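Peer 1: Below is a structure I'd like to ask you about.
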Amino acid sequence: MRPPPSRSRNAAATREALIRAGRELFATQGYFDTGTEQIVERAGVTRGALYHHFDDKKDLFKATFDAVAQDWVTRERQTLTDGSDAWEQLRATMQLYLVDSASDPEIQQITLIDGPAVFGWAEWRVIAAHYGANLFRDMLDHAIDEGAVVSLPTETTAHMLLAAVNEASLLMAHADDPEPSRR
């Protein structure tokens, strides 16, 4: 039996409020300096609501990480329809990734600094590849179809591009002054 629609809407709204609070707090304070009490207070919900929707703080962080990454991919995919050629789209996407990683606190703190620390390096790479490598693979396929890039193994190349921009992004995220590392 399905719950009444209003209960489902309330549950979805509660989950979204928790993710929104997680985004704000994890981005500004970091995962390790953010307590669950702060999260539920910011979200305006009870601790029971937090644990109804998420197993623990790490589970909420995963949902938060996914939301930040998905928003980034959505923004990046918009470049695929901006009318520029495929090579320019690929270049612009990589440049925007680097700019965002140096200037967007959500991307920097949640996905680049805390992500590897919370999930561990191997799990973080799998999660990051799910978002980034898929985007780069699609862009490479588009560039090959347009003739802007010679035919090449897109899966491997996508992972190589992701590794390059991730490494540069990690360098900027951990730099005392990210400006020189952006050049």
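Peer 1: Rank these for me by crowding, Glu167, Glu16, Glu76, going from fewest to most other beta carbons within 10 Å. If you can, show how the numbers build up before the last one.
Peer 2: Values: Glu167 10, Glu16 14, Glu76 22.
Least to most surrounded, the residues fall as Glu167, Glu16, Glu76.
Peer 1: Also, I was wondering about something else. Over the chain, calculate the relative contact order: mean separation of alpha carbon pairs under 8 Å at least 6 apart, over the residue count, as a percent.
Peer 2: 22 percent
Peer 1: Arrange Thr157, Thr34, Thr46 by Cβ neighbour counts within 10 Å, fewest through most, would you? Present the calculation step by step, with values, prior to reporting the outcome.
Peer 2: Values: Thr157 16, Thr34 22, Thr46 11.
Starting with the residue having the fewest Cβ neighbours, the order is Thr46, Thr157, Thr34.
Peer 1: Compute the FRET efficiency between Leu170 and Ser84 as 1/(1 + (r/R0)^6), taking r as their Cβ-Cβ distance and R0 = 22 Å, and round to the nearest 0.05.
Peer 2: Calculated transfer efficiency: 0.20.
Peer 1: Taking neighbour counts of Cβ atoms within 10 Å as a proxy for exposure, in what order, fewest first, do Val165, Val126, Val99 appear? Working shown, then result.
Peer 2: Working: Val165 19, Val126 10, Val99 14.
Result, fewest neighbours first: Val126, Val99, Val165.
Peer 1: In whole Hz and in residue order, list the ³J(HN,Hα) couplings for segment 132-147 that follow from phi through the Karplus curve 6.51 cos²θ - 1.76 cosθ + 1.60, θ = phi - 60°; x for Gly and Pro.
Peer 2: x, 5, 4, 5, 5, 4, 4, 5, 5, 4, 5, 5, 5, 4, 7, x
Peer 1: If one takes the longest principal axis of the Cα atoms in the chain, at what angle in degrees, from 0 to 90 and to the nearest 10, does the Cα axis of helix 57-77 lie?
Peer 2: 40 degrees
Peer 1: Please list the three semi-axes, largest first and in whole Å, of the ellipsoid equivalent to the chain, using sqrt of 5 times the eigenvalues of its alpha carbon gyration tensor. Can you show the working numbers first?
Peer 2: On the way: eigenvalues 220, 84, 37 Å².
Equivalent-ellipsoid dimensions as semi-axes: 33, 20, 14 Å.
Peer 1: Quick one: helix 86-103 against the long Cα principal axis of the chain, what's the angle to the nearest 10°, folded into 0 to 90?
Peer 2: 40 degrees
Peer 1: In addition: So what is the 222 nm mean residue ellipticity for the chain from helices alone, if each DSSP H run of at least 4 adds -39500 (n - 2.57) and you divide by all residues, rounding to the nearest 500 deg cm²/dmol? The partial results should precede the final answer.
Peer 2: Details: 9 runs with 136 residues, N = 183.
One gets -24500 deg cm²/dmol as the mean residue ellipticity at 222 nm.
Peer 1: From the phi of every residue in segment 49-56, what ³J(HN,Hα) in whole Hz does the Karplus formula 6.51 cos²θ - 1.76 cosθ + 1.60 yield, where θ is phi - 60° and glycine or proline is x?
Peer 2: 5, 4, 7, 6, 8, 9, 5, 6
Every number in this text was worked out from the coordinates using simple rules, so none of it is lab data. As the structure is a prediction and not an experimental result, all values here were calculated from the model. As a convention, Cβ positions derive from the backbone with ideal geometry for all residues, glycine included, and neighbour counts pool all protein chains shown.
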